[in-house]
Amino acid sequence: MTRKRIALVAHDARKRDLIAWIGAHRGALAGHAFFATGTTGAKVRESHPELDVTPLKSGPLGGDQQIGAMIAEGRIDLLVFFVDPMTAQPHDVDVKALTRLATLYNIPFACNEATADMIVSSPLFAGGYTPRPADFGGYEGRRV
């Protein structure tokens with residue numbers, strides 16, 4: 001098994017769902033390193049003390065940006081962000097930024113339980129899958 005670095009984020013109305021999802025996939029998730037925003041991280045550590053969870057700041061206080069920076073630095077292999085589509089989020093721009101960075105840097109990104117289920121049950125999750133790295137040569141070499 002390749003130890004993956006997994007970012008965990010959940011809107012308030014979805015935190016219980018994320019905790020339950022982790023419990024349902026305890027075996028597949030064991031041995032990986034987790035980075036979680038504020039309250040999400042505290043709840044994950046409380047419910048699953050066997051997991052290696054590094055807490056970050058609360059999302060609206062910069063935790064989303066911390067995860068974004070980790071993605072840009074190549075230090076996150078998977079982003080699991082249980083989004084609440086029914087509640088307006090004051091930091092919606094942070095959600096959009098994480099979505100953009102996960103897409104830009106070509107890392108797996110689950111924003112709901114079904115997608116997260118598919119990712120952790122895939123043979124690629126347990127194996128040594130490495131996504132094709134993003135190529136920014138054209139962008140970085142452009143003339144301004």
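The values are calculated or read from the model by the stated rules, or taken from the named source; none is laboratory data. This one's a predicted model, so the numbers in the text were calculated from it and none came from an experiment. Glycine also receives a Cβ, built like all others from the backbone with ideal geometry; neighbour counts cover every protein chain displayed.
Summary table
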| quantity | calculated |
| --- | --- |
| Scan of the stretch 71-102 for residues that are surrounded by fewer than 13 Cβ atoms within 10 Å (Cβ to Cβ), farther than 25 Å from Arg132 by Cα and either modelled with pLDDT of 90 or more or of a type in the set (D, E, K, R) (or both), ordered by number | Asp92 |
| Filtered residues of the stretch 39-61 (kept if of a type outside the set (A, V, I, L, M, F, W, C) and part of a helix (DSSP H, G or I)) | Thr39, Thr40, Gly41, Lys43, Arg45, Glu46, Ser47, Gly59, Pro60 |
| Verdict on Asp117 being touching a His at 6+ places or on another chain (Cβ under 8 Å), closer than 28 Å to Ala30 by Cβ and surrounded by 16 or more Cβ atoms within 10 Å (Cβ to Cβ) | no |
| Among (1) out of contact with any helix residue (DSSP H, G or I) (no Cβ under 9 Å at 6 or more places or on another chain); (2) more than 18 Å from Ala24 (Cβ to Cβ); (3) modelled with pLDDT of 95 or more, the one test that Gly141 misses | (3) |
| Residue within the stretch 62-70 that is closer than 17 Å to Leu18 by Cβ, surrounded by fewer than 19 Cβ atoms within 10 Å (Cβ to Cβ) and of a type in the set (Gly, Ala, Ser) present | no |
| Top-ranked residue of the stretch 130-144 - restricted to ones that are closer than 18 Å to Ala102 by Cα and either free of Cβ contacts under 8 Å to residues at least 24 places away in the same chain or loosely packed, with under 10 Cβ neighbours inside 10 Å (or both), ranked as farthest from the chain's Cα centre (by Cα) | Tyr139 |
| Residues of the stretch 79-109 satisfying the condition of being more than 18 Å from Leu8 (Cβ to Cβ) and in contact (Cβ under 8 Å) with a residue 24 or more places away in the chain | Met86, Thr87, Pro90, Leu104, Asn106 |
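Matching residues to (1) in a loop (DSSP other than H, G, I, E, B); (2) touching a Ser or Thr at 6+ places or on another chain (Cβ under 9 Å):
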site: Gly31; (1), (2): yes, no
site: Gln66; (1), (2): no, yes
site: Ile76; (1), (2): yes, no
site: Pro90; (1), (2): yes, no
site: Gly138; (1), (2): no, no
site: Arg143; (1), (2): yes, no
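Residue-wise test of (1) surrounded by fewer than 18 Cβ atoms within 10 Å (Cβ to Cβ); (2) on the phi > 0 side of the Ramachandran plot; (3) modelled with pLDDT of 95 or more.
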position: Ala13; (1), (2), (3): yes, no, no
position: Arg16; (1), (2), (3): yes, no, yes
position: Ala28; (1), (2), (3): yes, no, yes
position: His32; (1), (2), (3): no, no, yes
position: Thr39; (1), (2), (3): yes, no, no
position: Ala42; (1), (2), (3): yes, no, yes
position: His48; (1), (2), (3): yes, no, yes
position: Val53; (1), (2), (3): no, no, yes
position: Ser58; (1), (2), (3): yes, no, no
